[in-house]
Amino acid sequence: MKVNGTHYRSLWWDDDRQALQIIDQRWLPHDFRVQQVDTMQDFADAIVEMRVRGAPLIGATAAYGMALAARLDPSDAHLDESFAFLDKTRPTAINLRWALTRCRAHLKALPVDERAAAALKLAHEISDEDVEINRNIGRNGLEIIRGIAAGKKDGEPVRILTHCNAGWIATVDWGTATSPMYQAHDAGIPIHVWVDETRPRNQGALTSWELGSHGIPHTYITDNAGGHLMQHGQVDLVIVGTDRTTRRGDVCNKIGTYLKALAAKANNVPFYVALPSPTIDWAVDNGVAEIPIEERLEREVTHIQGLKEDGTIGQVQVTPVGTPGGNPAFDVTPNHLVTGLITERGVCAASAEGLAGLFPDLSKLAESA
Ligand code: MRU
């Protein structure tokens, strides 16, 4: 998508420097900083500190991490070591493990002297595939928005609520939850997006930045406003992303998603999840019982970052000194609260049958593993 008229992906390979470039998202939306990632420690830091974030982008970054690992030392032992090193950076988004597993398996099947080149090629492929997956999620989600728009008076917008940032900077391009929004806007369908703030990291500010750059009308709201807006008929549908979706369609996403799903159910508001297939964890059934939930630093809760009046970016403390902060970063929305999963192959029920019906190849592969 575009930043000030220039097309960007959220990461890209610089051929001249033979190095990965990322947008350091810690400074958005106030400052656009690009960082080169040169060492294995840089890769781990970029993921842990959320310079790159969002399940698909973490996966693509990890693939480039494995490419660096293969360039440094393509032996089986070093690939295993690098897999473990990157795998421990963040526990919840399954795309990380998915990309690492795919890269390691692909490389180990090759002669050692071919691995470095093959690893870089595969990282490019994983990135390109992500762009296509998200483009297709957008096409499929667009039809849902078009259906709702058909019941509206001329010029009346379809009102969509989203949580966190499942936007283009959370993927390689397009985003998952935002892709239908971009495509609806580009197709001339009027939309308005309610953007949840998403404390504590305020990913809603990133979503606002993205939507604003694309000219999509939106309003930034507190996390607690969604239920009220739904009760008052101000939300036509919810679309969120996911960090891991189980075989039966339980959805793990940014903390607070579950509360939005409960409010949507109580108010008969359709609740859709945009789901790229690498985010399905075919080995897990019950999301609440089985998905590890990342617990992040308490400082992210007790302090808040923003643009100060002197133009610098800084943090202030919100709580009294010494107040403990609890920071579970994700929650699980059980499948019965999900209206549908918007995937690259179409929209399906959040159920084992729904997912296996759209992805028979992947579900069979998982069964035989
Ligand atoms: O902690 P984050 O910012 O990495 O969490 C991101 C989310 O929860 C997104 O909604 C999810 O990864 C889907 S991104 C297309």
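The values are calculated or read from the model by the stated rules, or taken from the named source; none is laboratory data. Just so it is clear, the structure is predicted and the values come from calculations on it, not from any experiment. Here the Cβ is made from the backbone with ideal geometry for all residues, glycine too, and neighbour counts use every protein chain on show.
Computed quantities for the displayed model
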{"read-out": "Contacts under 9 angstrom Cβ, first residue in the stretch 247-273 being within 23 Å of Gly54 (Cβ to Cβ) and not assigned by TED's automatic domain parsing to the domain that holds Thr92, partner modelled with pLDDT under 95 and surrounded by fewer than 24 Cβ atoms within 10 Å (Cβ to Cβ), 6 or more apart", "value": "Arg247/Ala366"}
{"read-out": "Residue in the stretch 152-170 that is more than 20 Å from His214 (Cβ to Cβ), in contact with a Pro (Cβ under 9 Å, 6 or more places away or on another chain), at pLDDT 95 or above and of a type in the set (A, V, I, L, M, F, W, C) present", "value": "no"}
{"read-out": "Residues satisfying the stated conditions in the stretch 138-175, i.e. among the aliphatic types (A, V, I, L, M), in a helix (DSSP H, G or I) and either more than 13 Å from the ligand (Cβ to nearest atom) or assigned by TED's automatic domain parsing to the domain that holds Arg53 (or both)", "value": "Leu142, Ile144, Ile145, Ile148, Ala149, Ala150"}
{"read-out": "Some residue of the stretch 348-369 being part of a strand (DSSP E or B), exposed (fewer than 15 other Cβ atoms within 10 Å of the Cβ) and not polar (S, T, N, Q)", "value": "no"}
{"read-out": "Any strands (runs of 3 or more DSSP E) falling wholly within the stretch 176-245 and containing at least 3 residues that are without any contact (Cβ under 8 Å) to a residue 40 or more places away in the chain and more than 12 Å from the ligand (Cβ to nearest atom)", "value": "191-196, 218-221"}
{"read-out": "Hits in the stretch 1-32 (condition: basic (Lys, Arg) and either outside any loop (DSSP other than H, G, I, E, B) or surrounded by 11 or more Cβ atoms within 10 Å (Cβ to Cβ) (or both))", "value": "Lys2, Arg9, Arg26"}
{"read-out": "Residue ID - farthest from Thr207 (Cα to Cα), chosen from residues in the stretch 217-233 that are small (Gly, Ala, Ser) and surrounded by 13 or more Cβ atoms within 10 Å (Cβ to Cβ)", "value": "Gly227"}
{"read-out": "Residue list for the stretch 67-89, restricted to those being within 16 Å of the ligand (Cβ to nearest atom) and either over 20 Å from Cys252 (Cα atoms) or in contact with an Asp or Glu (Cβ under 6 Å, 6 or more places away or on another chain) (or both)", "value": "Leu86"}
